[in-house]
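Nothing in this text is a laboratory measurement; each read-out follows from the coordinates by a stated rule. Just so you know, these numbers come straight off a predicted model, no measurement behind them. Please note: Cβ atoms are built from the backbone with ideal geometry, for glycine as well, and neighbour counts cover all protein chains shown.
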Amino acid sequence: MRRASVRGGLVVTGLMVVTVFLWSTPFLWTLVASFRPDNSGGIHMASLLPDYTPTLANFIEALESGDFAVYYLNTAIVAFGILAVQIVTISLAGYAFARLEFPGRDVIFYVFLLQLMLVPPILIVPNLRMIVDLGLYNTLLGVMLPYFASAFGTFLMRQTFRQIPRDFEEAATIDGARWWQVLWHVLLPMAKPGLVAFSLVSLMAHWNEFLWPLMVLNEPSKQTLTVGLASFALGTEGGKEWGLLAAGTLLVMLPLLALFAVFQRQFINSFMFSGLKG
Amino acid sequence: MRPRWARRTWPYLLLAPSLLLLAAFTYLPIVRVAWESFYDKPHGAPASLFVGLRNYSDLFADKAFTQAVINNLVYAVGTVPASMALALLFALALQRSGRVNAVMRALLLFPSMVPLVAAASLFFFIFLPGVGLFDYYLGKLGLHGFNWLGDPDVALWSLVGITVWKNAGYYMLFYLAGLQTLPGDVLEAATIDGANGWQRLRHIIVPLLAPTTSFVLVIALINVLTQVDHVIVLTKGGPSNSTKLVLYYIFEQAHENFAYGRAAAASVISVSVLLAVSLVSLKTMERGAHAAG
């Protein structure tokens, strides 16, 4: 029986190796195609074998043709700008839900929870009109504003704060600390795992977002990476410049994959905790 | 000590920034979109007119909309069970720790890390007839591919494929977490009693994972209603409306046809479906998030 289960384990591993290889072929192709010189593709453009001398030409051309520097900057402003404000709003709200008693707390908490499901893409039509009314159409602030509060972040901070024993705060309060000093110097440092988890999820959600910035921004100089990539992809399709497309796509994915490589464990934990993005 | 009124109001002050933003960008928009779904602004008219339920009757009379609803149902049936079943299988196969399994888990997770737009632009090439990745290797096996994105009978299923590819690894994470909470002694007892792998899966593992499954189901259903980036990049709803999903229809009406009344009516229907899903699952969400945390 033991021998049979060892053999079974090997079969499962073998099947998974094949599956994972097939699952990864889109990325493998991107990698191989992006370093492929222009003249070595042709009919074998789809080949997964790097049977050529690698070149950076595709990356250089993508960076020159696609205003990627501007897109990177805009995306960074959006993603980090949202995160910075969110950290303030979710810390305050999370603290209130975790530590304070007040009438209506449960009802308000459900108002937050329900928002977890009413994800913004479904409200693009009225939200766009709101942004127009506020005079923020075609601005990065208009892209960011709807995300400055986060029900998920509030929920996460509430859970995190609740796991911290009250003794620490009481000691600080006896020493004469004000509530915001307690929050800043005692609770937030201890809530770091929760904050890191939230930051990763939030950064990724807004780095990847497409539909909303597509609707709010209408000038090339204001576009984010995803919007830029979409028009870039449509452009390269006409010219059949697949190596260029692969290089451009890789440039968009690279920061995320690098972040994932560094924070792999935190990523996995935070995603399992979150379920919902942003 | 601070005065009593200050102590009373300051919890609300801490919540005010969040509540204000939630009101402005979630709850008021719902009211507003419901309101606007009863109005229409004919071409050249100076102001919107109250039209009652006409936007709704127009909506259901529009073949493109009913097609979008049907497409969305097919898309849900195509993506949700397949990606969840694969997620569970992946989790079962890779649940043991070890370096090889860790690498394989990370590779399966990669697709969910990248923007849907990036995935879509890769599949531009992968689905390319003749020289694309699929057809190139199918050709080596002596097989013929389809016109993946150009054939109205196939295109929606190509998008289903992208979605399953992208989401299965993500859902796997939840099943991995769920599997860790299973009581080992129950499984061991079942094994000693002679239950084979399939019996253990069917009668013990799957029922015990029910909370995880309902949690993942909610996320998967939300994704079905809210993700259309790949439609925008790859097919624009075509060919002949075969890949038009409801959110894409809304986007098109509002952004390209400037038919706000109709876009509003379609939004109201989407939001209602999402609200129904949420109300049913609020409890599940809370439980699932606790279990996963």
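Here are a few things to note about the model shown:
- At R0 = 45 Å, FRET efficiency that the Cβ-Cβ distance of B:Ser272 and B:Ala6 yields, to 0.05: 0.60
- Scoring A:143-153, B:269-279 by mean Cβ neighbours within 10 Å over their residues and listing the highest first yields A:143-153, B:269-279.
- Coil-residue trypsin sites (Lys or Arg not before Pro) of the range A:164-269, DSSP, other Cβ within 10 Å capped at 16: A:Arg166, A:Arg178, A:Lys240
- Label-to-label distance, nm, for residues given as A:Ala261 and B:Ala210 (7 Å Cα→Cβ offset): 4.4
- Most fluctuating residue given options A:Val252, A:Val78, A:Val32, as computed from a GNM of chain A linking Cα atoms under 10 Å: A:Val32
- Two-decimal log10 I(q)/I(0) for the range B:53-292, as the Debye equation yields it once each C-alpha is a single scatterer, q = 0.07, 0.09, 0.10, 0.12 Å⁻¹: -0.30, -0.48, -0.59, -0.81
- Within the shell of other residues whose beta carbon sits under 13 angstrom from the beta carbon of B:Phe65, the net charge comes to 0, with Lys and Arg scored +1 and Asp and Glu -1.
- Peptide B:273-281, shielding by other chains (average Cβ, 10 Å cutoff): 2
- GNM flexibility winner over chain B from B:Tyr75, B:Tyr260, B:Tyr12 (Cα, springs under 10 Å): B:Tyr12
- Pairs from B:Lys140/B:Lys166; A:Lys192/A:Lys222; A:Lys222/B:Lys63; B:Lys63/B:Lys166 whose Cα-Cα separation, in the structure shown, is over 28 Å: A:Lys192/A:Lys222; A:Lys222/B:Lys63; B:Lys63/B:Lys166
- Gain on full extension, evaluated as 0.36 nm per residue between B:Thr191 and B:Lys140 minus their Cα-Cα distance, stands at 13.9 nm.
- For B:Tyr39, residues with placed amide H under 5 Å, excluding near neighbours: B:Val51
- The range A:181-219 residues near the modelled A:Glu170 label - backbone nitrogen below 18 Å, point 7 Å along Cα→Cβ: A:182-183, A:186-187
- Karplus-derived HN-Hα couplings along the range A:93-110 (A = 6.51, B = -1.76, C = 1.60, θ = phi - 60°), whole Hz, x at Gly and Pro: 5, x, 4, 4, 6, 7, 10, 10, 9, 7, x, x, 4, 5, 4, 4, 4, 5
- Cβ-Cβ distance of B:Val103 and A:Asp51, R₀ of 25 Å, FRET efficiency by 1/(1 + (r/R0)^6): the value works out to about 0.50.
- Computed on the protein assembly as shown, the Cα convex hull volume stands at 187 Å³ per residue.
- In this calculation the C-beta distance from B:His203 to B:Val74 is compared with R0 = 22 Å, giving a FRET efficiency of 0.10.
- Reduced Cα scattering model of chain A, Debye log10 I(q)/I(0), q = 0.07 Å⁻¹: -0.38
- Highest-fluctuation residue, B:Ala189, B:Ala91, B:Ala155 considered, GNM on chain B with Cα pairs under 10 Å: B:Ala189
- Seen through its C-alpha gyration tensor, with square-root eigenvalues sorted a ≥ b ≥ c, the range A:106-156 comes out prolate because a/c lies at 1.5 or above while a/b is bigger than b/c.
- If you wrap the range A:11-111 in the convex hull of its Cα atoms and look at it from every side, the mean projected area works out to 13.2 nm².
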